[in-house]
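Colleague: Provided herewith is a single structure, encoded as structure tokens, for subsequent inquiry.
Every read-out reported here was derived from the displayed coordinates using simple, explicitly stated rules and does not represent laboratory data. Keep in mind it's a predicted model, so treat the numbers as computed, not measured. Because the Cβ atoms are built from the backbone with ideal geometry, glycine has one as well, and the counts that use them run over all protein chains shown.
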Amino acid sequence: MGTPDFAVEALRCLVEGGYNVVGVITMPDKPAGRGHKVQYSPVKQYALEQGLTLLQPEKLKDETFLAELSALNADLQIVVAFRMLPEAVWNMPRLGTFNLHASLLPQYRGAAPINWAVINGDTETGITTFFLQHEIDTGKVIQQERVAIADTDNVGVVHDKLMKLGGKLVVETVDAILAGTVKAIPQEDMAVGGELKPAPKIFKETCRIDWSQPTKKVYDFIRGLSPYPAAWCELKNSNGEVVVAKIFEGEKEEEVHQLSPGTLITDGKKYLKIATSDGYINVLSLQLPGKKRLKTDELLRGYQFAN
């Protein structure tokens, strides 16, 4: 059960590994883009290519869907990047239902674990498989793998690392469950350094840059939202108009200054820097409304900001 690319990798590993995938559940089709054309989710596209049985329920408690799911007679259900399941669904298979989560649980329970790990400046994250139970992301842990986060990694890079590792871990978890060798550990029994950090859903206002923060925090915030959904701020152009700029990439420059946070400095040709509380972010790539993402020097060839 899943929808985005992150879920496709696990499904692909199962199909190519010769496992009997009796059905795939994904979200209903939704119109997308300017023309509101219906686009298939990555999971649906892959399932169709492989000739797999596909279910797309509007409501997971719908009696027709539950009957169709039961008719598949699955021994085990696997959830990757999907919505919260009712007990009638996760308690159906004889071997249970497990979830692949993109964090080292119990850290970063919630909808956006990869983003928040990078935003918080963590140097390590990982992937976890766990059995589903009533409270979201709280079930007994089956297996975990750790991954380093480099200071230059953005959320896209970390996502792809975890996606590849996740496919492998799903297969290993299935094998362990089938072999009866799983010794699942309650999350409350796991050693955790420091307090638990949440990973709530990210909204547009969540992505607004606070330039009054220290340089390192702003730098981590930008890479933790790049390339999607992207951190943003308001800047003034040479006509005095306020424009919303998405910032995808920057360099941190820690330096004492007397400027107000958010002050923009540019030579109008090569660089654009914005002041933080203790330095600057040298903006390397950004995007203006209705335009494509550009390197700073490319944008400055045809667009001017006010210093």
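Colleague: Just to confirm the filter: which GluC sites (Glu not before Pro) across the range 4-91 are DSSP coil and have at most 13 other Cβ within 10 angstrom of their Cβ? Mind showing how you got there, number by number?
Modeller: On the way: sites: E9, E16, E49, E58, E63, E68, E87; in loops: E58.
Here the GluC sites (Glu not before Pro) that fit, given the DSSP loop and packing criteria, are E58.
Colleague: Explain nothing, just the number: dipole magnitude of the chain about its Cα centre with +1 on each Lys and Arg Cβ and -1 on each Asp and Glu Cβ, in debye rounded to the nearest 20.
Modeller: In total the dipole reaches around 880 debye.
Colleague: Counting C-alpha atoms alone, how compact is the range 5-189: give Rg to one decimal and Dmax as a whole number, in angstrom.
Modeller: Spelled out, the Cα radius of gyration and Dmax of the range 5-189 are 16.6, 51 Å.
Colleague: Kindly write out, for the range 67-73 in residue order, the coupling ³J(HN,Hα) from the Karplus curve 6.51 cos²θ - 1.76 cosθ + 1.60 (θ = phi - 60°), rounded to whole Hz, with x marking Gly and Pro.
Modeller: Computed from phi, the couplings for the range 67-73 are 5, 5, 5, 5, 5, 5, 6 Hz.
Colleague: Give me the angle, in degrees from 0 to 90, between the Cα long axis of helix 155-179 and the longest principal axis of the Cα atoms of the chain, rounded to the nearest 10.
Modeller: 10 degrees
Colleague: So, one more: Is the range 185-307 best put as rounded, prolate or oblate by its Cα gyration tensor, with a ≥ b ≥ c the root eigenvalues, rounded for a/c under 1.5, and otherwise prolate when a/b is larger than b/c, oblate when not?
Modeller: On the way: a/c = 2.62, a/b = 1.83, b/c = 1.43.
Verdict is prolate for the range 185-307.
Colleague: Same structure, new question: For the range 151-307, what is the charge dipole size about the Cα centre, in debye to the nearest 20, if Lys and Arg each add +1 at the Cβ and Asp and Glu each add -1 at the Cβ? The partial results should precede the final answer.
Modeller: Working: 22 positive and 22 negative charges, 134 e Å.
The calculation lands at about 640 debye.
Colleague: A further question on this structure: Positive end of the dipole of the range 205-300, charges at C-beta (+1 Lys, Arg; -1 Asp, Glu), about the Cα centre: which of L284, I209, L259 has its Cα farthest in that direction?
Modeller: Of the listed residues, the answer is L284.
Colleague: Now for a separate question. Need one number: nm distance between label points at E255 and N239, each 7 Å from Cα along Cα→Cβ, rounded to one decimal.
Modeller: Once both label points are built, they end up 3.1 nm from each other.
Colleague: Which percent, nearest 5, of DSSP beta bridges in the chain are antiparallel? Please report the intermediate quantities before stating the final value.
Modeller: Numbers: 38 of 46 bridges.
Just about 85 percent of them are antiparallel.
Colleague: How large is ³J(HN,Hα), in whole Hz, for each residue of the range 3-8 in order, when computed from phi with the Karplus curve 6.51 cos²θ - 1.76 cosθ + 1.60 and θ = phi - 60°, using x for Gly and Pro?
Modeller: With the stated coefficients, the range 3-8 comes to 9, x, 3, 4, 7, 4 Hz.
Colleague: With +1 on each Lys and Arg Cβ and -1 on each Asp and Glu Cβ, and nothing else charged, work out how big the dipole of the range 69-165 is about its Cα centre, in Debye to the nearest 20.
Modeller: Details: 7 positive and 10 negative charges, 52 e Å.
Around 260 debye, computed over the range 69-165.
Colleague: Which residue, M27, M92, M190, tops the fluctuation ranking in a GNM of the chain built on C-alpha contacts under 10 Å?
Modeller: Of M27, M92, M190, the Gaussian network model singles out M190 as fluctuating most.
Colleague: Then there's this: For R208 and A67, FRET efficiency with R0 = 45 Å and r from the beta-carbon atoms, rounded to 0.05? Write down the numbers at each step before the final one.
Modeller: On the way: r = 46 Å, r/R0 = 1.02.
After rounding, the FRET efficiency stands at 0.45.
Colleague: Right, next: How much FRET efficiency would the formula 1/(1 + (r/R0)^6) give for N20 and Y40, where r is the Cβ-Cβ distance and R0 is 22 Å, rounded to 0.05?
Modeller: Values: r = 24 Å, r/R0 = 1.07.
Calculated value: 0.40.
Colleague: Pop a pseudo-label 7 angstrom from the Cα along the beta-carbon direction at both D75 and T53 and give the gap in nm to one decimal.
Modeller: 1.6 nm
Colleague: Taking the chain as a Gaussian network, where each spring joins two C-alpha atoms under 10 Å apart, which residue of L169, L69, L196 fluctuates the most?
Modeller: Sorting by GNM fluctuation, first place goes to L196.
Colleague: How would you rank 122-133, 266-277, highest first, on the average number of other Cβ atoms within 10 Å across their residues? Before the final figure, lay out the partial values.
Modeller: Working: 122-133: 20.7, 266-277: 17.8.
Sorting 122-133, 266-277 by mean packing, highest first, produces 122-133, 266-277.
Colleague: What is the distance, in nm, between label points placed 7 Å from the Cα along the Cα-to-Cβ direction at E188 and at E298?
Modeller: Going by the 7 Å Cα→Cβ label model, 5.3 nm.
Colleague: Over 20 Å between Cα atoms, which of K37/K295; K30/K59; K216/K292; K236/K291 qualify? Could the numbers behind the result be given before it?
Modeller: On the way: K37/K295 31 Å; K30/K59 15 Å; K216/K292 27 Å; K236/K291 16 Å.
As for pairs spanning more than 20 Å Cα to Cα, those are K37/K295; K216/K292.
Colleague: List, in order, the whole-Hz ³J(HN,Hα) value for each residue of the range 277-283 obtained from phi through the Karplus relation with A = 6.51, B = -1.76, C = 1.60 and θ = phi - 60°; use x for Gly and Pro.
Modeller: With coefficients 6.51, -1.76 and 1.60, one gets 6, 9, x, 9, 10, 7, 6 Hz.
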